[in-house]
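Scroll down for the structure; my scribbles are underneath it.
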Amino acid sequence: MRMRVRARVLAWWAVLLAGLGLGLVTMRIATEAPGYGLADGGLPVGAELLAGCGLMLAGLFSVARRPRASFGPLLVAAGFAWFLVEWNSAGVSSSVVFTVGLALYAACPPLVGHALLVYPDRRLPGVDRVVAGVGYLTTVGALGVLPALVFGPATQGCSACAANLLMVVDGPFTPVNRVGVWLAGAGVALLALWCGGRLVQASAVLRRRVVPVVVPGLVYLGLVVADDVHALGRGFVSNDPLDRGLWLGQAAALVAVAAGTCWEWLRAQRTRTRLARLVIEAGGTPRAGGLVGVLAELLGDPSLAVLYPVSDGRQVDADGRAVAVDTGREVTRLVRRGAVVASLVHRPRLLEGLGIADDIARTVRLALDNERLRAETRAQLADLRESRARIVALRDAERRRLERDLHDGAQQRLVALALAIRLATLRADDQDLADRLTRAESEVQAALADLRTLAHGLYPAALAEEGLDAALGVLAEGAAIPVTVATAATGRCVPAVELAGYLVVATAVGHSACRRADVRVDGADGRLVVEVETDAGPPGELGRVQDRVGALDGRLTLAGTPDGGTLIRVELPCAS
C-alpha cells in the first residue's frame, strides 16, 4: 500500500515538473519570437505560464481528492494543451514541435468543456458524450489536423516556418482552415451552451458549489467562440491586437477556473474539519442518534435521517427500529471498502455530485461504526422482545383454549355425572347402595371443584369477560387469606398485560408463608401499575412471572417492608 501511494506521489510530481518544463519552453518560444505568437513578453508571458501551470496544479489537487474522477486528468491535459498555441509559430525551429503545435493548438477548449461536463464527479450520459465528441472533432479535427494535412509553409508565405511533418498535399489551406474555424466556433459554442444548460438544471445546492468553476469555464469558452468569429473573415486564427486581448481574457478565465477548483478542494477540507469538530463537540462519539443532529446541522437538512443495514437486509435507525423510506426522499449510501456502512435519507438532490458522502464516511467512521453496532444490538434486542411477546401470546392463547376445553368438556361431563349419581341415590332401595352413591357423588363434586380451580388458574373467565378488576375481586373472595384490593379508574389493557398483572397477584397470594395481602392497581398514563404488599418474603415462583413481565416490556421490582414483608411492584405498558 505504501509503495502504491509513493508511486502515485512520484507520478504527480513528474506530471507537475513536465508541465512546468513545457511552460518554460513555451515562454522561451514566445520571448525569442514576440511578433509571431500571442504572448509578446512581459505580462502576457506571465499570464500564459500562470494559466497553464494553474490548470495543472488544480487538476492534480482534484486527482488527489478524487482519484477515480476524470475531471482532474482533463484539467491537467487542458493545462498542457494551453501552451501548444505558441508552438504554431514561425519562431519555432523544430519540425516536430511546429507540427504538434499546428495539429493541437486548438485542443484546450474541448478539454475544458469536457472537464466542465464531468465536474465535480459525474459520468457522462450518452448525449453529453456526443456533445464532448463534437467539441473534439470540430476543434482538434477540423481546425487542427485537417488543415495541417494541406498546409505547405512555403506556399502559404511562411518561409521561416519549420517543415510540416503532417502535410499530405500542398493544397487550398485557407478555404479548409476557414471551414475549420467555423466548425470549431460552432462546436465550442455547443459545448458552452450545453454546460450552461446543465448548470441551470442543477439543484440549488449543487449550483452554489460548482459556480466558482463552471462560470469561469463558460467565460473562457465564450471568449474562444468570439475569437473564432473574429477569425472567420481572414480564414485563420492570428495574433492581432483583438486576438491578443481575447487571449488574455481566456488566460484570466482559466486562472479563475483553477482558483475555483482549488477553492472547492479547500471547501471540502473545511467541511471535513467542521464535521470532525462537530463530532468532537458532541462528545467524540455522539450518543445514540446524536450523529443525526450533527449531520443535519452540517448539511442544513433538519429532516435528515441516518439508517444502518442489519444482517436480515432491513434498514434501522440508531434506536434499532426498522424505517421505511418515503418515496419523496433521496437515499445516499456511505460506502467504505466496498461495503455500505450507513445510508443518509435527505431531501432530493441535496448531495448531488458533491462528494460529501465520501467525506462523511471517512471523517466520522468511528462514530458511524459505533452507532451502527448500537443500532444492530438494539434491533436484535427488539427482535428478541417481539419473539418473547409472541411466545407469551401463544402461551396465553393456549391457556384460554385449555380453559374453554375444560369448561365445555370435562367440567360439563362431571356435572352431568354428579346429577346422574344423585338421581340414582334418590331411586336406590338399598341403604348401603345409597350411602355408596352419596360418597361417589361427593368425590365427583370434589373432582369438579379441583377442575374448576385448575381451569381458573389457567385463565380466569372473569378476566377475559370483565377485566382485571373483576378477576382480582373473584381472586380475593376465593383466597384462603385476607386480601384487600384497591383499584383506581382503569380502562382495559390488552389481554396479555392483564393476565401478567393477575398472575403477579395470584402468585403472591398463593405463597404458603403469606398471611395477608394488600393489592393496589392503577392505570394512569397508558401504563398498568400493580402493587402487592404481603407479610412474607418473595414467592419462589415469581421468576416465571418476571420473565412474562419482561417479555411485555414491563418491569418488576421487589422491596422490603418495615414489618419484614415484601412489596412487589409491576409496571406494564397497556398497549404491549
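The values are calculated or read from the model by the stated rules, or taken from the named source; none is laboratory data. None of these values were measured; they are calculated from a predicted model. Virtual Cβ from ideal backbone geometry, glycine too; neighbours counted across all protein chains shown.
A few notes on this one:
- Where a residue in segment 499-511 is closer than 15 Å to VAL529 by Cβ and its partner, wherever it lies, is of a type in the set (Lys, Arg), with Cβ under 8 Å and at least six apart: ALA500/ARG548
- Against the conditions (1) crowded, with 21+ Cβ neighbours inside 10 Å; (2) in contact with a Leu (Cβ under 7 Å, 6 or more places away or on another chain); (3) part of a loop (DSSP other than H, G, I, E, B), VAL168 satisfies every one except (1).
- Restricting attention to segment 213-266, the residues that are among the acidic types (Asp, Glu) and closer than 17 Å to TRP82 by Cβ add up to 3.
- For segment 340-358, the condition holds for at least one residue, the condition being that it is farther than 30 Å from GLY550 by Cα, of a type in the set (Gly, Ala, Ser) and at pLDDT 70 or above.
- Enumerated helices (runs of 4 or more DSSP H) restricted to segment 49-154, each holding at least 3 residues that are surrounded by fewer than 20 Cβ atoms within 10 Å (Cβ to Cβ): 95-104, 126-136
- Of residues in segment 488-535 being under 50 Å from the mean Cα position of the chain (by Cα) and over 22 Å from ASP553 (Cα atoms), the one surrounded by the fewest Cβ atoms within 10 Å (Cβ to Cβ): ALA489
- Hits in segment 442-483 (condition: among the hydroxyl-bearing types (Ser, Thr, Tyr) and at pLDDT 75 or above): SER442
- Residue check for ASN177: in contact (Cβ under 8 Å) with a residue 60 or more places away in the chain, of a type in the set (S, T, N, Q), in the same structural domain as LEU74 (by TED's automatic domain parsing) and surrounded by 19 or more Cβ atoms within 10 Å (Cβ to Cβ): no
- Taken over segment 315-339, the criterion of being touching a strand residue (DSSP E or B) at 6+ places or on another chain (Cβ under 9 Å) and farther than 14 Å from ARG372 by Cα is satisfied by VAL323, ALA324, VAL325, ASP326, ARG329, GLU330, VAL331, THR332.
- Residue match in segment 536-550 (condition: in contact with a strand residue (DSSP E or B) (Cβ under 9 Å, 6 or more places away or on another chain) and acidic (Asp, Glu)): no
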